[in-house]
1. For the list (1) in a helix (DSSP H, G or I); (2) surrounded by fewer than 21 Cβ atoms within 10 Å (Cβ to Cβ), I need the number of the one condition that GLY221 fails.
2. Return the only residue of VAL60, VAL79 being touching a helix residue (DSSP H, G or I) at 6+ places or on another chain (Cβ under 8 Å), surrounded by fewer than 23 Cβ atoms within 10 Å (Cβ to Cβ) and of a type in the set (A, V, I, L, M).
3. Would you please list the contacts, defined by Cβ atoms under 9 Å and residues six or more apart or on different chains, that run from a residue in the stretch 254-282 that is in the same structural domain as PHE53 (by the TED database) and free of Cβ contacts under 8 Å to residues at least 12 places away in the same chain to a residue that is of a type in the set (A, V, I, L, M) and surrounded by fewer than 19 Cβ atoms within 10 Å (Cβ to Cβ)?
4. Could you list, in sequence order, all residues of the stretch 401-437 that are under 25 Å from HIS259 (Cβ atoms) and assigned to a helix (DSSP H, G or I)?
5. Kindly provide the set of residues from the stretch 343-367 that are of a type outside the set (Lys, Arg) and not in a helix (DSSP H, G or I), ordered by number.
6. Among the numbered conditions (1) modelled with pLDDT of 95 or more; (2) surrounded by fewer than 16 Cβ atoms within 10 Å (Cβ to Cβ); (3) polar (S, T, N, Q), tell me where THR100 comes up short.
7. Being more than 24 Å from the chain's Cα centre (by Cα) and of a type in the set (Phe, Trp, Tyr) is the requirement here; does TYR306 meet it?
8. Does the stretch 239-251 include one or more residues that are in the same structural domain as TYR277 (by the TED database), within 30 Å of LEU272 (Cα to Cα) and either in a helix (DSSP H, G or I) or among the polar types (S, T, N, Q) (or both)?
Amino acid sequence: MSKPAAFQTAFSTTEFRRRRELVCETIGRATAVIQGASATGAMDRFRQHNDFFYLCGVEVANAYLTLNGTTKESTLYLVGQDRHLAEQEGAELNSDDAETAIRLTGVDHVKPITALEPDLKSCDVVYTCHQAAEGRQACQDSLNGAAKRLNQDPWRVAPPAEQAFIELIEQRCAPVAIKDLSTTILEMRRSKSAEEITVMREAGRIAAVAIAEAIKSTKAGLFESDLAAVAELIFLTSGATGGGYRPIVASGDNIWNLHYFRNDSRLTDGDLVLFDYAPDLHNYTSDIGRMWPVSGRYLPWQKELYDLVVDYHLTLLDITRPGMTPIEVRQKAAAKLSSRVANTHWSKPSFANAAEKLLATSRAMTHAVGMAVHDEGGYQDDQTPLQPGCVFALDPQLWVPKERLYFRVEDCVLVTDGGLENLTPNVPHSSHQIEELIREPGLLQLQHKELE
């Protein structure tokens with residue numbers, strides 16, 4: 001007997017139904033249609049688009065979802081069963097077994113994809129997402145960057161998938177008014193539910209364990225990619241499907257490149273390592289960053305700068321409360337640390353200048369985190385009050401431009417009714433605790449005795 005089609009278990013059908021109802025309340029008497037991801041054609045694991053998963057949790061290719069604002073009913077459109085593919089890869093949700101799909105997903109109706117066009121033809125107003133769909137390791141920042149590069153290539157002129165879908169609706173279902181659904185979903189994604197917070201706590205725990213193991217495995221002569229592999233092992237053995245974004249494992253001069261990704265340099269004594277990597281767990285991720293010395297001990301000047309960033313970071317964790325604006329948090333932190341900066345005997349004038357600038361201008365609440373590592377709806381506006389339920393990266397950063405030095409310490413935090421909850425607390429911040437952790441045996445050394 002064949003194994004039945006699988007459906008995710010991280011979120012309840014009640015959670016997805018609540019989200020769909022919120023969309024229906026927003027669109028009035030119109031209909032919303034959301035296009036799921038297609039298969040990439042590579043021999044990879046399918047990854048659903050974030051917005052589609054957010055509304056129904058379905059993880060099969062070429063699926064569509066409509067939400068009727070008048071009746072509040074949801075309809076899932078699926079391909080029919082491919083018996084040969086099911087025999088090779090396992091059963092998936094399909095339109096031929098609508099009863100199972102309805103039972104597992106909680107939608108009201110399941111139809112074949114061929115029914116989508118006639119259903120949309122009866123609509124006067126259709127909402128769909130105009131913004132680029134986020135797939136594996138993608139966020140709006142990365143998608144916008146890719147679109148910018150694509151626009152510079154005169155030989156690749158196909159419209160974006162979202163634009164092509166809109167044009168097809170207009171052609172096949174005229175006359176119909178098309179409106180944008182992207183803002184509605186992004187606003188919903190900004191505030192995390194209890195079920196989302198549970199998943200993000202686990203994603204943060206996994207990220208912290210992974211970075212701790214990378215710290216313990218650090219040894220001169222290894223490649224940056226070796227440390228990324230340690231984290232990947234932790235991710236995959238903890239229920240994640242891989243990384244939520246590409247790993248940043250930068251050592252030495254590579255640290256200056258904020259989103260360095262090649263990870264192909266050897267680790268050298270005297271250098272620092274900047275590590276930033278988190279898992280993709282049930283279509284959610286986290287964000288974490290730590291810096292540590294390859295040799296196992298910070299040089300005095302490294303400790304000087306790193307310790308200040310840690311102090312600033314811990315101060316932010318302590319003082320931040322809901323209702324405060326980012327600029328109010330920054331001003332309060334600066335007041336607490338100004339004497340510490342003023343009374344420190346800095347090795348160089350450039351270090352003193354960098355420290356003063358950190359207190360004066362740091363935008364430590366850098367971006368929201370959720371299904372994408374750079375989720376939309378973050379705190380780019382210094383005047384936006386912090387709201388309970390929001391998750392963002394707390395990431396103070398210090399630059400010494402003349403010497404191309406860059407320091408940061410990052411955690412993923414949740415705004416609660418009483419302050420901030422650190423979702424990535426299981427790896428130390430302080431320099432002396434990091435040095436103690438490095439002395440412990442790492443996974444690489446335990447697996448490969450020749451690396452000891």
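The values are calculated or read from the model by the stated rules, or taken from the named source; none is laboratory data. Here the structure is a predicted model, which is why all the values come from computation and not from measurement. Ideal geometry is used to build each Cβ from the backbone, glycine not excepted, and the neighbour counts take in all protein chains shown.
1. Single failed check for GLY221: (1).
2. The match here is VAL79.
3. Pairs found: none.
4. Scanning the stretch 401-437 gives PRO401, LYS402, GLU403, SER431, ILE434.
5. THR344, HIS345, TRP346, SER347, SER362, ALA364, MET365, THR366, HIS367, listed by residue number.
6. So the condition that THR100 fails would be (2).
7. Criteria met by TYR306.
8. Looking through the stretch 239-251, at least one residue is in the same structural domain as TYR277 (by the TED database), within 30 Å of LEU272 (Cα to Cα) and either in a helix (DSSP H, G or I) or among the polar types (S, T, N, Q) (or both).
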